[in-house]
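Trainee: Here's a structure for you.
The values are calculated or read from the model by the stated rules, or taken from the named source; none is laboratory data. Here the structure is a predicted model, which is why all the values come from computation and not from measurement. Here the Cβ is made from the backbone with ideal geometry for all residues, glycine too, and neighbour counts use every protein chain on show.
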């Protein structure tokens, strides 16, 4: 594949896009595991939601 | 199952957990196909190989704008119907829309330098797109800095509705003003002006970005629902301690 005389601009555009999308995905995954961990800790300590309570 | 059933956060989470792996698989597959077709597409007769930037720039622009449109619909749900999932949806879209708008601006700038001879001009299309990014940052600031999440959500919803005025300005800026940016060439009356050898990979990348957007949106919504669940559990815990 020959990207011609402006290869730097093409490679930079693809690299920036890859970086931004990868950062977005990493943030989503890290946030998910953090929320799951906090939720697990709370449930372990016996804290439940109102809708889960009996009586 | 009725659509209204999705409005229940617990049921929504169950559905998201079930569909997310399929969506991720389909997104990866379409992105791979789209990138393969994009990188092997023929050069443009005028722009040469720099036309390959179009396959990122154009879908990013579509979803930067679509994100704001979705946020405006969610804002109506927040302000008019006060639906909790509407605010979750609006808040989840903001960082994704901002990221796509940022990609659009940076790739556009990198495309502009070899094509126009400059990274940036203050023409109507580029400026209105920059305004969109600043509006996204404003909404994110409202969500992330408000002490009371309810007030932050309402303020963000109002800004989302006001900012929607910018969408037709972006779309028609190339018709209303004399701009360096080219006029619409994909979705236009009379059909696309792009050769099928370039249009097909562009549409595949558009579809791949659609799936990426939906997948990220659902995943961020799931995180936000969990965050609100944690907040309400902590509040209940605090009330019990004080009781």
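Trainee: What do you reckon, is residue B:59 exposed (fewer than 15 other Cβ atoms within 10 Å of the Cβ) and either touching a helix residue (DSSP H, G or I) at 6+ places or on another chain (Cβ under 8 Å) or farther than 26 Å from residue B:140 by Cα (or both)?
Mentor: No, not satisfied.
Trainee: Please tell me if residue B:58 is part of a helix (DSSP H, G or I) and more than 27 Å from residue B:128 (Cβ to Cβ).
Mentor: no
Trainee: Taking helices (runs of 4 or more DSSP H) that fall entirely within segment B:139-243, which contain at least 1 residues that are farther than 30 Å from residue B:75 by Cβ?
Mentor: On the way: elements: B:149-163, B:166-176, B:196-242.
Correct list: B:196-242.
Trainee: Here's a follow-up. Take segment B:21-55 and flag every residue that is surrounded by fewer than 21 Cβ atoms within 10 Å (Cβ to Cβ), touching a residue at least 12 places away in the same chain (Cβ under 8 Å) and in a helix (DSSP H, G or I).
Mentor: Within segment B:21-55, B:23, B:24, B:26, B:27, B:30, B:31, B:33, B:35, B:37, B:39 qualify.
Trainee: I'm checking my understanding of the structure. Among residues of segment A:3-47 that are part of a loop (DSSP other than H, G, I, E, B) and within 7 Å of chain B (Cβ to nearest Cβ), which one is nearest to residue B:232 (Cα to Cα)? It would help to see each step written out before you state the result.
Mentor: Of all residues in segment A:3-47, those part of a loop (DSSP other than H, G, I, E, B) come to A:3, A:45-47.
Next, only the ones that are within 7 Å of chain B (Cβ to nearest Cβ) stay: A:3, A:47.
Working: A:3: 54, A:47: 10 Å.
Checked segment A:3-47; the qualifying residue nearest to residue B:232 (Cα to Cα) is A:47.
Trainee: Report, by residue number, each residue of segment B:128-144 that is at pLDDT 90 or above and farther than 20 Å from residue B:103 by Cα. So that I can check it myself, show each step before the final result.
Mentor: First, the residues of segment B:128-144 that are at pLDDT 90 or above: B:128-143.
Hits for segment B:128-144 are B:142, B:143.
Trainee: Can you tell me which residue among B:194, B:230 is surrounded by 17 or more Cβ atoms within 10 Å (Cβ to Cβ), closer than 30 Å to residue B:19 by Cα and modelled with pLDDT under 95?
Mentor: That would be B:230, the only listed residue that is surrounded by 17 or more Cβ atoms within 10 Å (Cβ to Cβ), closer than 30 Å to residue B:19 by Cα and modelled with pLDDT under 95.
Trainee: Could you check, for segment B:214-224, whether at least one of its residues is more than 23 Å from the chain's Cα centre (by Cα) and surrounded by fewer than 18 Cβ atoms within 10 Å (Cβ to Cβ)?
Mentor: Within segment B:214-224, the first condition is being more than 23 Å from the chain's Cα centre (by Cα), and the residues that meet it are none.
Within segment B:214-224 (the criterion being more than 23 Å from the chain's Cα centre (by Cα) and surrounded by fewer than 18 Cβ atoms within 10 Å (Cβ to Cβ)), the answer is no, since none of the residues qualifies.
Trainee: Could we say that residue B:10 is over 19 Å from the mean Cα position of the chain (by Cα), part of a helix (DSSP H, G or I), at pLDDT below 95 and closer than 19 Å to residue B:182 by Cβ here?
Mentor: Values: over 19 Å from the mean Cα position of the chain (by Cα): yes; part of a helix (DSSP H, G or I): yes; at pLDDT below 95: yes; closer than 19 Å to residue B:182 by Cβ: no.
So residue B:10 does not fit the description; no.
Trainee: If you check B:139, B:131, B:121, B:93, which single one turns out to be at negative phi and within 14 Å of chain A (Cβ to nearest Cβ)? Don't jump to the end; show me each part of the working.
Mentor: Details: B:139 fails: within 14 Å of chain A (Cβ to nearest Cβ); B:131 fails: within 14 Å of chain A (Cβ to nearest Cβ); B:121 fails: within 14 Å of chain A (Cβ to nearest Cβ).
Of the residues listed, the single one that is at negative phi and within 14 Å of chain A (Cβ to nearest Cβ) is B:93.
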